[in-house]
Structure formats: structure tokens, C-alpha cells
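Input: a single structure, listed below in C-alpha cells.
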Amino acid sequence: MLDGYLAVELPGAANEEIRHHAKAALSLANALTHERTADFRTAALCAEATVSVVNMIAIISGRRDRGSRLEF
């Protein structure tokens, strides 16, 4: 569903890098989540990747626009 959202909200070649970054961060978070030998560093990297995706979606959706009352 996230791929569809990004495709609709950020269409075209001009937004390819943004879509790629969001997809890569999500892929990293998913991969690290299922790593059997995870340690604190792996967990911290997973959290950072997840926060990156959450913040990107907040920006894209307008929740970080100037004057917006919702902040994460």
C-alpha cells in the first residue's frame, strides 16, 4: 500500500529519488526486523529506518507544513 501511496502522491521522474529512498528505508527496516542475530545496533538502525519512513510520509501528507498542529 505504501508503494501505491508514494506513486500517487509523488508521481513522475522528478520524484523517483524520493520514492526510492522511502522504499529503501522500508526494505531496510523489514530486513533488520527479521534478522536472527540482531543486537542493539541492529535495533537502533531498524528504528532509524522506520522513523525515516514515518517522517517522510508526514511531510508528504502535509502534516509537517508550516502552521500544522500535528507534530511527531
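Overview of results
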quantity: Residue match in the stretch 28-42 (condition: in contact (Cβ under 8 Å) with a residue 24 or more places away in the chain and in a helix (DSSP H, G or I)); calculated: yes
quantity: Qualifying residues in the stretch 51-72 (those that are surrounded by 14 or more Cβ atoms within 10 Å (Cβ to Cβ) and free of Cβ contacts under 8 Å to residues at least 24 places away in the same chain) - the one farthest from Tyr5 (Cα to Cα); calculated: Arg64
quantity: Those residues of the stretch 1-53 which are under 19 Å from Arg64 (Cβ atoms) and touching a Ser or Thr at 6+ places or on another chain (Cβ under 6 Å), in sequence order; calculated: Ala25
quantity: Residue ID - nearest to the chain's Cα centre (by Cα), chosen from residues in the stretch 31-50 that are charged (D, E, K, R) and open to solvent by less than 90 Å² (accessible area, probe 1.4 Å); calculated: Glu35
quantity: Residue under evaluation Gly4, criteria (1) more than 17 Å from the chain's Cα centre (by Cα); (2) of a type in the set (Gly, Ala, Ser); (3) modelled with pLDDT under 95; (4) surrounded by fewer than 10 Cβ atoms within 10 Å (Cβ to Cβ), criterion not met; calculated: (1)
quantity: Some residue of the stretch 61-70 being on the phi < 0 side of the Ramachandran plot, part of a helix (DSSP H, G or I) and among the hydrophobic types (A, V, I, L, M, F, W, C); calculated: no
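The values are calculated or read from the model by the stated rules, or taken from the named source; none is laboratory data. Here the structure is a predicted model, which means the values were calculated and not measured. We place every Cβ from the backbone using ideal geometry, glycine too, and count neighbours over all the protein chains shown. Side chains are part of the model used for accessible areas, which takes the heavy atoms of the whole protein and leaves out ligands, DNA and RNA. Shrake-Rupley method; radii C 1.70, N 1.55, O 1.52, S 1.80 Å.
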